[in-house]
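Q: Sharing a structure here in structure tokens format.
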Amino acid sequence: MGTLTTVQYAVRFEHADVQLAGRVIWSDVNLSVPHGEFVAVLGPNGAGKSTLIKAALGLTGLSAGSVTVLGRPAGQSGREIGYLPQRRNFDSGLRVRGIDIVSLGSDGERWGVPLPWGSKFLPSRRAANQRVQEVIELVGATAFAHRPIGQVSGGEQQRLLIAQALVRRPRLLVLDEPLDSLDLPSQASVAALIGRIRREHGVTIMLVAHDVNPILPYLDRVAYVARGYAVCGTPEEVITSQTLTELYQTPVEVLRASDGRLVVVGEPEAPARHTDRHADQQGEVTAPW
């Protein structure tokens, strides 16, 4: 790939290292995400996938290298980023409606602090309500948006939370394990929705996942994080039996289905050099969402 200026990328890590409490989480990571692409951050538990996301959001500092987001240093593009953290569990008795959950995306700053309506940061309430309706329709949640959030399915909850992240028309959508704990049909449905948002609205997608198979048809680029480093490239470059076997140090088979799709078979949980939970206890800055 030729040399390009930083502003041509939505996200760019250059020779990036993170160390927490003296532990190397990952090192010499080079990852470039052009605007409008769908990139997956993959790897086993504890490999540092969420740390990579936190570094892009400006929540975890680098010990070496650099990371820029939307042409600015990480942490300076908050209003242009939609963020969906790891899956929340809503109590079945929670009476807050789905539409009210979506509305939270428009009436607060990134830390959830309400701002006055009509301020320079927020539209009028009428315009905000109209935008909420737009994103609810966009994610296909109209039929259940007025039901209590605790009484809709896991896949429906994820659609509403994606709508919340889209309210402020982000240029970059960051999703941390959005398919976790969903059944296979819901995984396929939510993955297709995210792919359509990228394709039809030009939003750059950065998504953390364990399993590549549900999202593989929609991906432009892949970053596999394991054993303290990352392998990055197009799916055809990275998702090969040889590359994944070397990365995980155990046999991984990549097959091509009759329709041409790649399928990863027997992807293992490779031993990690730390766990994200342990890293948090050792001083990692966690997101207060």
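Q: Give me the percent of DSSP beta bridges within the range 6-281 that run antiparallel, rounded to the nearest 5. Walk me through the numbers on the way to the answer.
A: On the way: 26 of 44 bridges.
If we restrict to bridges inside the range 6-281, about 60 percent are antiparallel.
Q: Once phi is turned into ³J(HN,Hα) by the Karplus curve 6.51 cos²θ - 1.76 cosθ + 1.60 with θ = phi - 60°, what whole-Hz value does each residue of the range 137-151 show in order, with x for glycine and proline?
A: 5, 4, 8, x, 10, 4, 5, 10, 5, 9, 8, x, 4, x, 10
Q: Follow-up. Each residue of the range 218-224 in turn: what ³J(HN,Hα) in whole Hz from Karplus with 6.51, -1.76, 1.60 and θ = phi - 60°, glycine and Pro shown as x?
A: With the stated coefficients, the range 218-224 comes to 9, 7, 9, 8, 9, 10, 9 Hz.
Q: Given H placed 1.01 Å from N in the peptide plane, which residues other than close sequence neighbours of TYR83 have an amide H under 5 Å from its amide H?
A: VAL174
Q: Still on this structure, please answer the following. Give me the distance in nm between label points sitting 7 Å out from Cα along the Cα-to-Cβ direction at THR250 and ARG72, one decimal.
A: 4.3
Q: Okay, next question. Given R₀ = 22 Å, FRET efficiency for THR234-ASP180 by Cβ-Cβ distance, to 0.05?
A: Working: r = 25 Å, r/R0 = 1.13.
Rounded to the nearest 0.05, the efficiency is 0.35.
Q: Please give me the summed charge of the neighbours of PRO170: other residues whose Cβ is under 10 Å from its Cβ, Lys and Arg +1, Asp and Glu -1. Walk me through the numbers before you get to the answer.
A: Working: positive: ARG79, ARG168, ARG169, ARG171; negative: GLU80.
Every neighbour counted, the sum reads +3.
Q: Whole-Hz Karplus ³J(HN,Hα) for the range 176-192, in order, using 6.51 cos²θ - 1.76 cosθ + 1.60 and θ = phi - 60°, x for Gly and Pro?
A: Karplus-based 3J(HN,Hα) across the range 176-192 equals 9, 6, x, 9, 4, 6, 8, 6, 4, x, 5, 4, 5, 5, 5, 4, 5 Hz.
Q: Under 5 Å between amide H atoms, partner at least 5 residues away or on a different chain: which partners does VAL252 have, H built in plane at 1.01 Å?
A: So VAL252 has HN proximity to THR245.
Q: Go through VAL212, VAL167, GLY75 and say which Cα lies farthest out towards the positive end of the charge dipole of the range 6-281; charges sit on Cβ, +1 for Lys and Arg, -1 for Asp and Glu.
A: The Cα lying farthest towards the positive end belongs to VAL167.
Q: Same structure, new question: I need the semi-axes of the equivalent ellipsoid of the range 6-281: take the C-alpha gyration tensor, multiply each eigenvalue by 5, square-root it, list largest first in whole angstrom. Provide the component values of the computation, followed by the final result.
A: Working: eigenvalues 190, 101, 61 Å².
After diagonalising the Cα gyration tensor, the semi-axes are 31, 22, 17 Å.
Each reported figure results from applying straightforward, stated rules to the coordinates on display, with no laboratory input. Quantities reported herein were computed from a predicted structural model and do not represent experimental measurements. A quick note on method: Cβ atoms are made from the backbone with ideal geometry, for glycine too, and the neighbour counts reach across all protein chains shown.
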